[in-house]
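The values are calculated or read from the model by the stated rules, or taken from the named source; none is laboratory data. This is a predicted model, so every value here is computed, not measured. As a convention, Cβ positions derive from the backbone with ideal geometry for all residues, glycine included, and neighbour counts pool all protein chains shown. The area values use the complete protein model at the heavy-atom level, side chains included, leaving out ligands, DNA and RNA. Shrake-Rupley method; radii C 1.70, N 1.55, O 1.52, S 1.80 Å.
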Amino acid sequence: ARQTAQATEDIKQRISGIQASTGSAVTDINQINQVIREVGELVNSIAAAIEEQSVVTRDLAGNIAQVSDGVQDANERVGQTAEVSREMARDIAEVNTAATDIRSGGEQVQASAAELTSLAEQLKSLVGQFKVGAIAQSAAQSGQLIVWEESLSVGVPTMDDHHKELIRIINALHAALKEKRGLDVTRKLLRDLTGYVDFHFRAEEDFLAGINYPELEDQKISHRKFEDKLASMQQRWNDGDTSVTSEMMRMLQDWLVQHIKVMDMKYGNLVAKSR
């Protein structure tokens, strides 16, 4: 009985072991089935991907064929463009040749125009000198340094009045120096002259600015040079250099008449045309 009980206990333990092993085997089988299902799903996914790849490959092949046709068309158009470019290059070469000829002709015209301009300036200077000489001769006959004549009129009444007053002051200074009236009289006339010169120049420049005169800057430059020269001569006279008087009178006579005849006549003509 004891042996039977012991054998039964052994059998029981072995059955428990077999049951445990069977449970583990069942668990392993379940895990294997899960892995098989996952592999099946992966295989299906791979098959679907392969099918999609096949579709894409077919589309790509079709696109490549279309691109090939497009490249062929593009090559033909490039060939046509190259031919047109060669024709354009020939035309451009002809245009460059014509432009060179035109430029050469233009340079010759500019050179001729420059020569004509130079000749015109020389002629203008000669005419001005002739007129200045005629006015000086008339002044000498009258005993004055400068005589007002209608040929000095610029056609602007205000400026003509200014010029007449300048001539009057210059003639008075000339007479004072000639008659040796004294330093006080001479100094006063010099102050009157420099003061009126400044007044006239500023008024004339304002007038020219008001009519938008294109050569206003040239007028200003000429005015400043005259003012500097007159101030220098006046300083020399104040310092006792009596020889400057004849030089001053000659400068006043020549500059004023020449300035009116050449530079001021330009704006006078412009004003006359605008009326």
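Couplings 3J(HN,Hα) of the range 264-275, computed from phi: 5, 4, 5, 6, x, 5, 5, 5, 5, 5, 7, 7 Hz, in residue order, whole Hz [Karplus 6.51 cos²θ - 1.76 cosθ + 1.60, θ = phi - 60°; x for Gly and Pro]. To the nearest 10 Å², what's Ile29's accessible area with a 1.4 Å probe? Accessible area of Ile29: about 90 Å².
Working from label points 7 Å from Cα in the Cα-to-Cβ sense, the Leu216 to Ala5 distance is 14.2 nm. Under 5 Å from the amide H of Tyr213 lies no amide H of any residue 5 or more positions distant or on a separate chain, with H modelled from the backbone and absent for Pro and chain starts.
Could you tell me the calculated FRET efficiency between Arg236 and Gln258, based on Cβ-Cβ distance and R0 = 22 angstrom, to the nearest 0.05? My answer for the efficiency is 0.50. As a calculated quantity, the FRET efficiency between Met251 and Lys273 at R0 = 35 Å, using C-beta atoms, amounts to about 0.60. On a 32 Å Cα-Cα criterion, which of the cross-link pairs Lys164/Lys225; Lys178/Lys266; Lys180/Lys266; Lys188/Lys261; Lys178/Lys229 come out too long? In this structure, Lys178/Lys266; Lys180/Lys266 lie more than 32 Å apart at Cα.
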